[in-house]
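In what follows, a single structure is set out as structure tokens and then discussed.
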Amino acid sequence: MKIKEINEFLFHFNSGFKIKEWCFEKVIYIEDCKDYKFYNSKIYHKEHDVSLEKVIGTDHFSYVDRRWIDLLGNMKKSKSYWNKENFLEFIKTPGFSSGYSYAKFGDSYFVVGGNHRNCEAKFSELKSVRVPVTEYILDVEMLDHWNLLNKERFLPIIEDGHNRVYYRTFKWTLTVCQEKIIFHDFEAVKRFITHYKKIKMTIKESFCFFLQDNRLLSKGNEAYYRISDDYNQLNYFIYKHKKNK
């Protein structure tokens with residue numbers, strides 16, 4: 001959209017509006033939120049004060065990667081009778097919040113329903129709106145374990161779930177000294193990490209590991225471990241992994 005068109009739409013909607021830096025920021029897709037996959041639980045708020053300056057995106061793919069200022073100009077209501085004065089009157093009616101909601105990830109909000117109303121609220125220079133919000137909770141423990149496993153070069157893979165979210169019940173695959181080992185769930189992975197940290201790189205222990213039964217437990221053709229299994233069978237592979245990483 002050209003500067004002339006931008007100025008025309010802004011003047012039509014809110015003649016007193018002064019262009020700000022956020023007007024030219026691009027709308028972010030909800031699944032591109034940082035650490036999106038690890039927000040695996042949620043709390044629903046029937047009414048919640050949403051700070052409009054913290055609204056950074058949407059779950060509606062049609063609006064993604066467009067600038068907020070372009071979005072205002074492309075909305076049909078903004079082109080006809082809709083303007084700041086009418087919008088502020090609309091806010092006072094029961095229909096304003098119908099179908100209008102956000103998803104919250106950390107301190108950021110994404111529009112779930114009501115993209116037009118969100119845009120118009122921002123360009124009406126409102127500080128906040130009070131509407132339903134679903135707040136998603138970051139699984140910090142799970143993310144920390146994921147980062148540790150990457151740091152230790154286990155190349156973790158978690159099976160994908162609905163909406164690309166990782167849940168604690170999902171299987172993990174780790175590469176331990178070139179062996180791909182599947183862990184039944186997050187609890188099994190936590191036990192592996194605890195066991196991994198206990199393995200010491202001493203000559204005495206390394207000799208004992210070579211004498212142990214190092215046949216991996218399996219399920220079908222895959223090395224497979226549950227939380228109740230004997231993790232000592234992994235000692236040899238852990239030792240070689242630590243030595244070579």
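The values are calculated or read from the model by the stated rules, or taken from the named source; none is laboratory data. Quick caveat, the model's predicted, so the values are computed rather than measured. Glycine gets a Cβ as well: all are built from the backbone with ideal geometry, and neighbour counts include every protein chain shown. Side chains are part of the model used for accessible areas, which takes the heavy atoms of the whole protein and leaves out ligands, DNA and RNA. Shrake-Rupley method; radii C 1.70, N 1.55, O 1.52, S 1.80 Å.
Report in % the part of the accessible area of the range 25-101 that belongs to carbon and sulfur, leaving out ligands and nucleic acids; probe 1.4 Å. Don't jump to the answer; show the numbers that get you there.
Numbers: 2280 of 4560 Å².
Here it works out to 50 percent.
Rounding to the nearest 10 and keeping the result within 0 to 90°, find how far the Cα-based axis of helix 140-151 lies from the longest principal axis of the chain.
Taking the Cα atoms of the chain, the angle to 140-151 is about 60 degrees.
Going highest first, how would you order 181-193, 83-95 by mean Cβ packing within 10 Å? Don't skip to the end; give the middle numbers.
Values: 181-193: 19.1, 83-95: 12.6.
Put in order of decreasing packing, that is 181-193, 83-95.
Taking the Cβ of Glu25 as the center, what net charge do the other residues with Cβ under 15 Å away carry, scoring Lys and Arg +1 and Asp and Glu -1?
For residues surrounding Glu25, the net value is +1.
With a sphere of radius 12 Å drawn around the Cβ of Gln178, what net charge do the other residues whose Cβ falls strictly inside it have (Lys, Arg +1; Asp, Glu -1)?
On the way: positive: Arg153, Lys180, Lys240, Lys245; negative: Glu179.
That works out to +3.
Taking a ≥ b ≥ c as the square roots of the eigenvalues of the Cα gyration tensor of the range 1-117, is the shape rounded (a/c under 1.5), prolate (a/b larger than b/c) or oblate? Write down the numbers at each step before the final one.
Details: a/c = 2.29, a/b = 1.41, b/c = 1.63.
Because a/c hits 1.5 or more and a/b fails to exceed b/c, the range 1-117 counts as oblate.
Using a 1.4 Å probe, how large is the accessible area of Tyr63, given in Å² and rounded to the nearest 10?
Here the residue's solvent-accessible area equals roughly 40 Å².
How many Å² of accessible area per residue for the range 17-103, probe 1.4 Å? Provide the component values of the computation, followed by the final result.
On the way: 5190 Å² over 87 residues.
Result: 60 Å² of accessible area for each residue.
Compare the peptides 237-243, 67-73 by average per-residue count of other Cβ atoms within 10 angstrom and give them in order, highest first. Let's see the in-between values first.
Values: 237-243: 17.7, 67-73: 20.3.
Result, highest mean Cβ count within 10 Å first: 67-73, 237-243.
Can you tell me the 0 to 90 degree angle between the C-alpha axis of helix 186-198 and the longest principal axis of the chain, rounded to 10?
Value to nearest ten degrees: 50.
Just subtract the alpha-carbon distance of Leu88 and Arg164 from 0.36 nm times their residue separation and send over the number in nm, one decimal. Walk me through the intermediate numbers first.
Details: separation 76, 0.36 × 76 = 27.36 nm, distance 3.77 nm.
Between Leu88 and Arg164, full extension yields 23.6 nm more.
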